[in-house]
Amino acid sequence: KIIDPGSKGEVQICIRNKSNYDVSYDFNFTDEMQYHVNMKYKLKRNDIYLNTSWVSYKELNIKNYLLKGNSQDSYVLEWKWVESDNDTKAGKTGAKYTLSLNIYGEQIS
């Protein structure tokens, strides 16, 4: 999908624990783009905002969240592209923006 300054949207993420054991999990976001446009985010967990103001992806990382056995956490990642000085360079080159999410989980004994 092509986006430009002022664009916004959201992505839904669901973490499911189908085991009988509790798990602890971490989120680690990274981004990749040559011109580093000004993308900002809000994150909701189970319909409750974890951050109420727009922040960079670096401020979204989640550490040691507990997920009980046979349960799930639902997330909504809201994003928007805030205008910045790098927008013209990114547009002229057709630069690609990638936000990656790594999820690490560990069973709790």
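The values are calculated or read from the model by the stated rules, or taken from the named source; none is laboratory data. Only a predicted model underlies this, so the values are computations on that prediction, with no experimental measurement involved. Ideal geometry is used to build each Cβ from the backbone, glycine not excepted, and the neighbour counts take in all protein chains shown. Only protein heavy atoms, including side chains, enter the accessible area calculation; ligands, DNA and RNA are left aside. Shrake-Rupley method; radii C 1.70, N 1.55, O 1.52, S 1.80 Å.
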Check your understanding: Once phi is turned into ³J(HN,Hα) by the Karplus curve 6.51 cos²θ - 1.76 cosθ + 1.60 with θ = phi - 60°, what whole-Hz value does each residue of the range 48-63 show in order, with x for glycine and proline?
Key -> 10, 5, 8, 9, 8, 10, 6, 9, 6, 4, 5, 8, 9, 4, 10, 10
Review point. What does the charge dipole of the chain about its Cα centre add up to, to the nearest 20 debye, if the Cβ of each Lys and Arg holds +1 and the Cβ of each Asp and Glu holds -1?
Key: 160
Study note, to complete from the structure: Note on the range 12-82: C-alpha Rg/Rh, Kirkwood Rh, two decimals, gives 1.04
Review point. For the range 95-103, what does the Karplus curve 6.51 cos²θ - 1.76 cosθ + 1.60, with θ = phi - 60°, yield as ³J(HN,Hα) per residue in whole Hz, taken in order and with x for Gly and Pro?
Key: 4, 10, 10, 10, 10, 10, 10, 10, 10
Review point. Per residue, what accessible area does the chain have, given a 1.4 Å probe and all protein chains present, in Å²?
Key: 67
Point to revise | Amide H partners (placed H, <5 Å) of Asp22, local residues excluded | key: Gly69, Ile108
Check your understanding: Where is the GNM fluctuation largest for the chain (alpha-carbon springs, 10 angstrom cutoff): Leu60, Leu99, Leu77?
Key -> Leu99
Check your understanding: Hey, any idea what % of the range 34-109's accessible area is carbon plus sulfur with a 1.4 Å probe?
Key -> 45
